[in-house]
Amino acid sequence: MDELIGLIYDSVLEPGLSVAAVDKLRLMLGASAAWILTPLGEDVAFELRINLSDQDAERYVHAYRKIDPLWLAHIANPEASTNIACRNCDMLTEAEWTSSTLYKDLCAPANIGHVIATGLVPGGNVPPRSLSFARPLKSCQFTEQHRALFQAAIPHILRASRLRHAIALH
């Protein structure tokens, strides 16, 4: 965990290290993919992607983010977000998830079965973002221990976001 926290804060002055920090957390969570989404008015853009194809990213942005329960919970209503790590199984049963349009049309073809995500709402003038990690359906679901690990990293990610934004203003 110390190495991860170091990478998070080092990324304040060296933004390229953000990829290394997210990838380190991805490996610690045993995830196969990771991404950060940033809202752009009514649209959205991938700020960072690890092991998510261009085609899948494009399809998500244009067709599926508006029905993604994790996106809707964390970003579409930022006032309700409390920077909490949430798993798809916390919001939907496995039957609901695997019968959803989002899963059938996008996630299953991309081999995404389990997702853990958070809305990063640092406050002030720092724009909100979402940070997500995924595993294939055939793998095990993210556990409470995974959620606790992710949750422990969130305050550091938020603090680094605020610092990076403050430095950029000066």
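The values are calculated or read from the model by the stated rules, or taken from the named source; none is laboratory data. Predicted model, so just to flag it, every value in this text is computed and none were measured. Glycine gets a Cβ as well: all are built from the backbone with ideal geometry, and neighbour counts include every protein chain shown.
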Query raised in the report: Condition test on Ile75, is it under 24 Å from Pro155 (Cβ atoms), of a type outside the set (Gly, Ala, Ser), modelled with pLDDT of 85 or more and surrounded by 12 or more Cβ atoms within 10 Å (Cβ to Cβ)?
Result: no
Query raised in the report: Among the candidates Leu48, Leu25, Leu37, Leu13, which residue alone is modelled with pLDDT of 95 or more and not basic (Lys, Arg)?
Result: Leu25
**Report entry** Where Asp105 falls short, out of the listed (1) at pLDDT 85 or above; (2) of a type in the set (Asp, Glu); (3) surrounded by 17 or more Cβ atoms within 10 Å (Cβ to Cβ)
**Finding:** (3)
Query raised in the report: In the range 17-54, which residue that is closer than 18 Å to Leu149 by Cα, small (Gly, Ala, Ser) and out of contact with any helix residue (DSSP H, G or I) (no Cβ under 7 Å at 6 or more places or on another chain) is surrounded by the most Cβ atoms within 10 Å (Cβ to Cβ)?
Result: Ala31
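Can you tell me which residues in the range 111-130 are aliphatic (A, V, I, L, M) and at pLDDT below 90?
Here is the first cut: in the range 111-130, the residues aliphatic (A, V, I, L, M) are 112, 115-117, 120-121, 126.
Of everything in the range 111-130, those that are aliphatic (A, V, I, L, M) and at pLDDT below 90 turn out to be Ala117, Leu120, Val121, Val126.
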Report summary line: Log entry, pairs with first residue in the range 119-139 being in contact (Cβ under 8 Å) with a residue 24 or more places away in the chain, second being β-branched (Val, Ile, Thr) and surrounded by fewer than 19 Cβ atoms within 10 Å (Cβ to Cβ), beta carbons closer than 6 Å, six or more apart or on different chains, reads Arg129/Thr38
Query raised in the report: Of the residues in the range 1-16, how many are of a type in the set (Gly, Ala, Ser) and buried (at least 16 other Cβ atoms within 10 Å of the Cβ)?
Result: 1
